[in-house]
Protein chains: 2
Amino acid sequence: MSNAFDFDGLFAKDLPLPAAPWNGFPKYNFTGGHSDPDGIPVEKLIESATRVLRRRGKTLATYNIDSGPLGDAELRGYLADKLDRYRGFTPPIDNILITSGSHQALLLLFQTLINPGDTVICEALSYGAAIGALRGCGANLVPVRLDENALCTDHLSEILMNLRQKEIAPKFIYCMPTVQNPTSTVMPLDRRRVLLDISRDFGVPIIEDECYADLLWDAKWPLSLRGMTGSDHVIHVGSVSKYLSPALRLGYAAAPWPVLSRMLALKADGGTSALAQMVAAEFLRDHYDDHVAALNIRLKRKRDVLIRALEEQFGATAEFDVPPGGIYLWVKLPNGVATTKLAALALEEGVAFNPGPQWSVDPDAATHYLRLCFAYPSEEAIREGITKLAEVCHREFDVPARGANVSR
Amino acid sequence: MSNAFDFDGLFAKDLPLPAAPWNGFPKYNFTGGHSDPDGIPVEKLIESATRVLRRRGKTLATYNIDSGPLGDAELRGYLADKLDRYRGFTPPIDNILITSGSHQALLLLFQTLINPGDTVICEALSYGAAIGALRGCGANLVPVRLDENALCTDHLSEILMNLRQKEIAPKFIYCMPTVQNPTSTVMPLDRRRVLLDISRDFGVPIIEDECYADLLWDAKWPLSLRGMTGSDHVIHVGSVSKYLSPALRLGYAAAPWPVLSRMLALKADGGTSALAQMVAAEFLRDHYDDHVAALNIRLKRKRDVLIRALEEQFGATAEFDVPPGGIYLWVKLPNGVATTKLAALALEEGVAFNPGPQWSVDPDAATHYLRLCFAYPSEEAIREGITKLAEVCHREFDVPARGANVSR
């Protein structure tokens, strides 16, 4: 429009950078937390939607349907039962808050607990958006080392002692003991016991994020932290995104009412979308076990395809631990390979992944790491995408060396 | 638990008051923006859900399904078409952002545009949560008078002149020209022309909130402000809540990309819930006209039941204009009747309504007003509820006088 009004001078100060236009998915998409399209139980979701709408459809006329601002009572009931059966604790349904993804649960918890300048302890590698949100609340992040058994409790002890000497009381510990993001590690039970005991001794609550915990195929499901004795300083967060659908935007926090009542006061969204809650509750009550078992078989196969492709294309230059669950492979490339630059170059060839620095409290410590989500791309796309990635990486960084394997 | 961890000392400063536990709906519920349970098109929603899940269900595996962060492309396409057919303008679908209710659209706009200390012009009576959100962003609110034709442009002119003399440039005008909340007034076309011209002359954008505009039965649908010539300083906001379901949490903003790209950067929710978007798009494309026509007949009848009940129970002591649409009746009681106190007393008898001060930029100017939503309660509940309200009001305030009408 020739005479278009100019809004540019009117924007608030200190806004984040404007979003870029969306141009569709890249052809080889290893980014984000997308799930497997062929894992969506379409016909069963139709059955569940039909049944629940017929039974409860009229309740869509009211904000928060028939259940109040904590969220659909049937979904909270389902989650309470599931936590009881599988995760070792039984929250009353009024101690569960349904949120728009576990991300909203985390945001509300962070806003509820953090004053600018507060110290928060967090895994050295962690969920990028959580790192950003914690910093957005003004938290000083103290990173704890991770090893193949997740968060290192020895290092945590040391940090807690040092902070005590400086008379700093950390606000909480944010961690993912069961299928960590991005490393996919699972903390063994004995280390969980230590984590609980030392955090409790120091009076520091824990926010336990189990958003990937359902996707575990090669390891026994350990009790959640909240499911163990002496864990009432643990706030438990979970999600429906990773084992059913991220687009439904359903997560939850299980916490005592004094915490939830303050989160609720900040949750100015008119309630989490009710149709997703109703359909998810109806579906999961009947089909959770079968659905997750089938999904895990699919995911494990895709993990194996990805590992084989990396071995073929990168040989020994790509290092990783084989994840016992989840949807991510955390890959270390040789020191000189700057994955942020690699990501930009690879995107031009249609290959998208998340560079490591975004998942690291200290971005400089992860310049040569990357995270690959293997849930979304087809097995063929995984193979082709990794071949292309190796080509781009070789071209720019001379890694992997040509002839590193026969097929190239 | 005897040994429960105490979170009380850990909360951030300056949190809002914690939420109160939810104890179910009151028996006679005239609060909020709930819709008519019997107006929910349950069987057609089932058909739509079945069809769209079968066609597009696999896309639920990805964040933002197949459409990117602006929201479901089919819903945006439907809305663009509807705005073209009924509201006089045709936004490209990339100038529409789907939000979790129009409330989220307003919050994002306010955050995008307001710096603390900015002046914002708003109707003297307005959406309570918008007044709160504007103040939360640090805006100084300048109220414009309303009359039976909505916002008074003479008063607006005067305000704009005064502000200019003080060298204050107001950030925007927030208004609801088509079925205003809470007064349900509709601004005639000639006044819309004046509003557009003077706001444009002063270089002040308008946020036009049409969240109730679909519910109009006794008046011709005037063009939206954005649908008139010389309106590219108008940002248009709408909702699916009031004519389909508030629990779906679907609203939208139509705005130029420079505005939307900044709203998107602040929209940290992982996307609006996709199932609601997909089902709504599928349903509305086929059934919008018939559905809204039928709903408006129901609502008009409930409005009439409410008016008759008020006339019978309150006689001349309850004053109101008959709304040509929407779901609210804005009622003036005699000066001495403090509706905030009345609301607390009535709630004990199971009657809930919104006291006027919450919908007034100057709460003291509306102490004896109340807002009644007539969409949710049944016709019987409307009659019984108003009878009870009159009893409580008489008992406490001697209004209405006993024997004000024969039936009491």
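The values are calculated or read from the model by the stated rules, or taken from the named source; none is laboratory data. Predicted model, so just to flag it, every value in this text is computed and none were measured. Positions of Cβ are generated from backbone atoms using ideal geometry, with glycine treated the same way; all protein chains shown enter the neighbour counts.
Results, tabulated for the structure shown:
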item	result
Qualifying positions in region A:117-130 - closer than 20 Å to B:Asp8 by Cα, more than 9 Å from chain B (Cβ to nearest Cβ) and either touching a residue at least 60 places away in the same chain (Cβ under 8 Å) or of a type outside the set (A, V, I, L, M, F, W, C) (or both)	A:Gly117, A:Thr119, A:Ile121
Complete set of residues in region A:292-315 that are touching a Leu at 6+ places or on another chain (Cβ under 8 Å) and within 13 Å of chain B (Cβ to nearest Cβ)	A:Leu295, A:Leu299
Failed criterion for B:Ala105 (all others in (1) part of a helix (DSSP H, G or I); (2) over 22 Å from B:Ala255 (Cβ atoms); (3) more than 7 Å from chain A (Cβ to nearest Cβ); (4) of a type outside the set (Lys, Arg) hold)	(2)
Subset of region A:1-39 that is without any contact (Cβ under 8 Å) to a residue 12 or more places away in the chain and among the acidic types (Asp, Glu) - its residue that is nearest to the other protein chains (Cβ to nearest Cβ)	A:Asp8
Matching residues in region B:45-66 - criterion: being out of contact with any Ser or Thr (no Cβ under 8 Å at 6 or more places or on another chain) and not β-branched (Val, Ile, Thr)	B:Leu45, B:Glu47, B:Ser48, B:Arg51, B:Leu53, B:Arg54, B:Arg55, B:Arg56, B:Gly57, B:Lys58, B:Tyr63, B:Asn64
Boolean, B:Gly325 is within 21 Å of B:Asp36 (Cα to Cα) and either at pLDDT below 95 or in contact with a Leu (Cβ under 8 Å, 6 or more places away or on another chain) (or both)	yes
Matching residues, region A:235-251, being out of contact with any Asp or Glu (no Cβ under 6 Å at 6 or more places or on another chain) and buried (at least 24 other Cβ atoms within 10 Å of the Cβ)	A:Ile235, A:Ser239, A:Val240, A:Lys242, A:Leu244, A:Ser245, A:Pro246, A:Ala247, A:Leu248, A:Arg249, A:Leu250, A:Gly251
Selection status of B:Ile159, out of contact with any Pro (no Cβ under 6 Å at 6 or more places or on another chain), assigned to a loop (DSSP other than H, G, I, E, B) and more than 25 Å from B:Asp269 (Cβ to Cβ)	no
Candidate set from region B:52-75 (those that are in contact with a His (Cβ under 9 Å, 6 or more places away or on another chain) and of a type outside the set (A, V, I, L, M, F, W, C)); member that is surrounded by the most Cβ atoms within 10 Å (Cβ to Cβ)	B:Thr62
One residue from B:Asp232, B:Asp201, B:Asp197, B:Asp190 being away from chain A (no Cβ under 14 Å), over 13 Å from the mean Cα position of the chain (by Cα), surrounded by fewer than 24 Cβ atoms within 10 Å (Cβ to Cβ) and charged (D, E, K, R)	B:Asp190
Residue count for region A:249-269, restricted to those that are over 21 Å from the mean Cα position of the chain (by Cα) and either without any contact (Cβ under 8 Å) to a residue 12 or more places away in the chain or more than 13 Å from chain B (Cβ to nearest Cβ) (or both)	4
Hits in region A:306-319 (condition: hydrophobic (A, V, I, L, M, F, W, C), closer than 18 Å to A:Ala401 by Cα and buried (at least 17 other Cβ atoms within 10 Å of the Cβ))	A:Ala309, A:Leu310, A:Phe314, A:Ala318
Residue within region A:68-88 that is over 30 Å from B:Ile327 (Cα atoms), assigned to a loop (DSSP other than H, G, I, E, B) and either away from chain B (no Cβ under 11 Å) or at pLDDT 95 or above (or both) present	yes
Hey, B:Lys242 farther than 19 Å from B:Leu195 by Cβ, more than 7 Å from chain A (Cβ to nearest Cβ) and part of a loop (DSSP other than H, G, I, E, B) or not	yes
Total residues in region A:89-102, condition surrounded by fewer than 18 Cβ atoms within 10 Å (Cβ to Cβ) and away from every other protein chain (no Cβ under 12 Å)	1
Residue within region B:30-51 that is among the small types (Gly, Ala, Ser), out of contact with any His (no Cβ under 6 Å at 6 or more places or on another chain) and within 23 Å of A:Gly33 (Cβ to Cβ) present	no
Residue in region A:44-64 that is small (Gly, Ala, Ser) and within 21 Å of the chain's Cα centre (by Cα) present	no
Any hit, region A:142-149, residues being assigned to a strand (DSSP E or B) and under 15 Å from A:Asp209 (Cβ atoms)	yes
Which listed residue is within 27 Å of the chain's Cα centre (by Cα), in the same structural domain as A:Pro182 (by TED's automatic domain parsing) and on the phi > 0 side of the Ramachandran plot, from A:Gly32, A:Gly71	A:Gly71
Evaluation of A:Leu264 against (1) surrounded by 22 or more Cβ atoms within 10 Å (Cβ to Cβ); (2) among the hydrophobic types (A, V, I, L, M, F, W, C); (3) within 30 Å of A:Ser378 (Cα to Cα) (one fails), failing number	(3)
B:Thr59 being polar (S, T, N, Q), closer than 30 Å to B:Glu348 by Cα and either outside the structural domain of B:Leu250 (by TED's automatic domain parsing) or in a helix (DSSP H, G or I) (or both)	no
Filter result for B:Ala281 (hydrophobic (A, V, I, L, M, F, W, C) and within 11 Å of chain A (Cβ to nearest Cβ))	no
Residue within region B:149-165 that is closer than 25 Å to B:Leu216 by Cα and of a type in the set (Asp, Glu) present	no
Number of the condition not met by A:Thr272 [criteria: (1) of a type in the set (Ser, Thr, Tyr); (2) assigned to a strand (DSSP E or B); (3) within 13 Å of chain B (Cβ to nearest Cβ)]	(2)
Subset of region A:353-375 [surrounded by 18 or more Cβ atoms within 10 Å (Cβ to Cβ) and out of contact with any helix residue (DSSP H, G or I) (no Cβ under 7 Å at 6 or more places or on another chain)]	A:Asn354, A:Cys373
Neighbours by Cβ (under 7 Å, 6+ apart or cross-chain): first from region A:326-337, in the same structural domain as A:Pro377 (by TED's automatic domain parsing); second of a type in the set (S, T, N, Q)	A:Gly326/A:Ser184; A:Tyr328/A:Asn181; A:Tyr328/A:Ser184; A:Trp330/A:Thr183; A:Trp330/A:Ser184; A:Leu333/A:Thr317; A:Leu333/A:Thr339; A:Pro334/A:Thr317
